[in-house]
Amino acid sequence: MTISEPGIQLIQGASASQILYTCLDAAVQAYPEVFKEIRFPKQARDFKRHYAAVLPRFEAARINQPNRADIARLLAETFQAQLVYQSDLGVQSLQDHLATPSQALPLERLSGNCQPSWQPNLQFLNQDWPNLTSLGEALSSKNIISTDAKTALNWLAQNLEDPQHINLSQRKVVIFGASAEMAPTAQFNAAGAEILWLDLAAPTRLAASQSRGGGIQFVADGVNLLTQPAEILATILAFAADEPVDLCLYAYAPGQAREMRLTAAMNAIINALPAALVRSTTLLLSPTTATPLDANDLLALTQRKNSRPLWEAALARLGLLGRGGGAALQGAQGASRSVVGIQGASYQAAQYLAKLMTAETWLQHGAFPVSAARPIRVSANTAPITQTRSIAHPVFDAAFGGAAALGVRTFTPGQSQTLNGLLAVHDWLNPARPVLGKIRVHGGIHTLPYPMDTALLVAAAIGFAQNPKLLAGLFKR
């Protein structure tokens, strides 16, 4: 894949699926005993056709090993090496490019227009939930969140000074992709956080409904992560002014391997910052990547299978919901078979390598490739399936309509922002170190007893039957 514009690109001649294959193959070669049973393809072309099935088997093998964090680091470092910075002066590694001194970008200061106070009242399941403990209980009982997510909401209810008026006025927060539909920027701003807004779109150009809230926003106008990573690094250093900051990694855009390139840019900047300035990093994992599942998750998956309706069991017996169950199993743990091929290899490389593997590396080893780095506090929670503009596709549109028939709940962007923001605040404030992969708003996907790639088609068929007008979208592509 070749893109003519300067900035962060895939290494010469590589495609997203080739990079995903290269990284996994590096681990297979380095740890042959770990992966000997997973039937890893010997050729990249075969992997491209079957990666949705291969990736869960790979992750199930990795998480059952005592050296899983070392494998994660190999994967994260190999991925970062596949992205380079291209300019008229030639091609550099991202690490070398960021080591070049750059000027900070000019910032516009937008003052708050009210007292700091975020009132997180989530409207879901046809009612308001102002009480976080009750919310956690309800979402857990409907199989929408993991047990640890319920515990996190209860912790907030018990330990915040005032759970109905969250105040973050003592925190500096850097938000990559501040205007993203999944980013709780407005919520953090309402809570009074001092925010560095990094996005192509400035808040003054958004809809009039975007209120400033109780915090101060420092806006760098028209920031491009792919072409200005060194300038953004300098801007963060100037904003921090030797104080630790929370770094939120929400930048996302589909097409032209931007999922991979944007995550690589954010990761490289985190790795280049002085360790003392990184108070925490926050990112969102997709439920449609290969997610580690423990014994309790696997039990819930089995219970979901045993309680399924007759029509669903009949479809399963006919093989219409896929074969092999909803998890790849190895030992006492497994990995969700929730990879969706239609989302593409770039999406999976970003989610699995640049997010999940990188988060585990930061948690265990700290920034890389610095060998003496200290572990980083990481909030890497699974976000709910949300109908955002970035996943506009007729099959997804139909599947959103049919998902409820399979017991899968979906969210609006506003609902996701509120829940994601609450769980991030928990990870920032709770003295206990976050445990990767435990806090999940999976909406029922991680207890679905079928491969998501095939279950999605059944959900889409139900959605098309409910709303035949959606079929027109298939013929416009």
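The values are calculated or read from the model by the stated rules, or taken from the named source; none is laboratory data. Quick caveat: nothing in here was measured; it's all calculated off a predicted structure. Counting neighbours? That spans all protein chains shown, and the Cβs are built from the backbone with ideal geometry, glycine included.
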**Prompt:** Considering only residues of region 277-306 that are farther than 15 Å from Ser146 by Cα and small (Gly, Ala, Ser), which is surrounded by the most Cβ atoms within 10 Å (Cβ to Cβ)?
**Reply:** Ala290
**Request:** Taking Phe218 as meeting all but one of (1) surrounded by fewer than 22 Cβ atoms within 10 Å (Cβ to Cβ); (2) in a helix (DSSP H, G or I), write down the number of the exception.
**Result:** (2)
**Per-region count, region 88-132, residues assigned to a helix (DSSP H, G or I), within 25 Å of Phe239 (Cβ to Cβ) and in contact (Cβ under 8 Å) with a residue 40 or more places away in the chain** = 4
**Item:** The one condition in (1) part of a loop (DSSP other than H, G, I, E, B); (2) at pLDDT below 95; (3) not β-branched (Val, Ile, Thr) that Leu471 fails to fulfil
**Value:** (1)
**Prompt:** Restricting attention to region 101-114, which residues are surrounded by fewer than 12 Cβ atoms within 10 Å (Cβ to Cβ) and either of a type outside the set (Gly, Ala, Ser) or modelled with pLDDT of 95 or more (or both)?
**Reply:** Pro101, Gln103, Pro106, Arg109, Asn113
**Request:** Report whether or not Thr288 is within 15 Å of the chain's Cα centre (by Cα) and either part of a helix (DSSP H, G or I) or closer than 30 Å to Glu243 by Cα (or both).
**Result:** no
**Request:** Would you check which residues across region 49-87 are in a helix (DSSP H, G or I) and small (Gly, Ala, Ser) and list them?
**Result:** Ala52, Ala53, Ala60, Ala61, Ala69, Ala72, Ala76, Ala81
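Results for (1) under 26 Å from Gln95 (Cα atoms); (2) assigned to a helix (DSSP H, G or I), shown as yes or no for each residue.
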| position | (1), (2) |
| --- | --- |
| Glu5 | yes, no |
| Ala14 | yes, no |
| Leu20 | yes, yes |
| Lys42 | no, no |
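Here is a yes/no grid of residues against (1) at pLDDT 90 or above; (2) charged (D, E, K, R); (3) under 30 Å from Ile270 (Cα atoms):
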position	(1), (2), (3)
Leu125	no, no, no
Asp128	yes, yes, no
Thr151	yes, no, yes
Glu161	yes, yes, no
Ser169	yes, no, yes
Lys172	yes, yes, yes
Ala180	yes, no, yes
Ala183	yes, no, yes
**Request:** Quick one: which residue in Leu196, Leu153 is surrounded by 17 or more Cβ atoms within 10 Å (Cβ to Cβ), under 19 Å from Gly414 (Cα atoms) and either of a type in the set (A, V, I, L, M, F, W, C) or in contact (Cβ under 8 Å) with a residue 60 or more places away in the chain (or both)?
**Result:** Leu153
**Message:** Would you confirm, using the coordinates I've provided, whether Arg62 is free of Cβ contacts under 8 Å to residues at least 60 places away in the same chain and of a type in the set (D, E, K, R)?
**Reply:** yes
**Message:** Condition check: touching a helix residue (DSSP H, G or I) at 6+ places or on another chain (Cβ under 9 Å), hydrophobic (A, V, I, L, M, F, W, C), within 23 Å of Met357 (Cα to Cα) and not in a loop (DSSP other than H, G, I, E, B). Does Val425 satisfy that?
**Reply:** yes
**Request:** Quick one: which residue in Pro229, Pro274, Pro203 is surrounded by fewer than 18 Cβ atoms within 10 Å (Cβ to Cβ) and of a type outside the set (Gly, Ala, Ser)?
**Result:** Pro274
**Request:** Tell me which residues, restricted to region 147-176, are out of contact with any helix residue (DSSP H, G or I) (no Cβ under 6 Å at 6 or more places or on another chain), farther than 28 Å from Leu277 by Cβ and part of a loop (DSSP other than H, G, I, E, B).
**Result:** Asp162, Gln164, His165
**Message:** Just the residues that are in a strand (DSSP E or B) and modelled with pLDDT under 95, please, taken from region 345-391.
**Reply:** Thr386
**Asked** Name the residues in region 323-338 that are under 24 Å from Ala403 (Cα atoms) and assigned to a loop (DSSP other than H, G, I, E, B), would you?
**Response** Arg323, Gly324, Gly325, Gly326, Arg337, Ser338
**Prompt:** Taking the condition within 21 Å of Ala345 (Cα to Cα) and either in contact (Cβ under 8 Å) with a residue 40 or more places away in the chain or of a type in the set (Gly, Ala, Ser) (or both), does Ala16 pass?
**Reply:** yes
**Prompt:** Which of the residues that make up region 316-328 are among the hydrophobic types (A, V, I, L, M, F, W, C), surrounded by 17 or more Cβ atoms within 10 Å (Cβ to Cβ) and in contact with a helix residue (DSSP H, G or I) (Cβ under 8 Å, 6 or more places away or on another chain)?
**Reply:** Leu321, Ala327, Ala328
**Item:** Condition broken by Ser146, with the remaining ones in (1) surrounded by 16 or more Cβ atoms within 10 Å (Cβ to Cβ); (2) out of contact with any strand residue (DSSP E or B) (no Cβ under 7 Å at 6 or more places or on another chain); (3) more than 24 Å from Glu243 (Cα to Cα); (4) among the hydroxyl-bearing types (Ser, Thr, Tyr) satisfied
**Value:** (2)
**Asked** Going by the conditions given, is Arg258 among the basic types (Lys, Arg) and over 28 Å from Thr185 (Cα atoms)?
**Response** no
**Message:** Considering only residues that are of a type in the set (Lys, Arg), at pLDDT 95 or above and within 22 Å of Ser346 (Cβ to Cβ), which ones fall in region 251-294?
**Reply:** Arg261
**Fill in**
Of the residues in region 331-382, those that are more than 22 Å from Ala455 (Cβ to Cβ) and touching a residue at least 12 places away in the same chain (Cβ under 8 Å) number 31
**Message:** Based on this model, can you work out whether Ala264 counts as part of a loop (DSSP other than H, G, I, E, B), in contact with a helix residue (DSSP H, G or I) (Cβ under 7 Å, 6 or more places away or on another chain) and within 28 Å of Ala16 (Cα to Cα)?
**Reply:** no
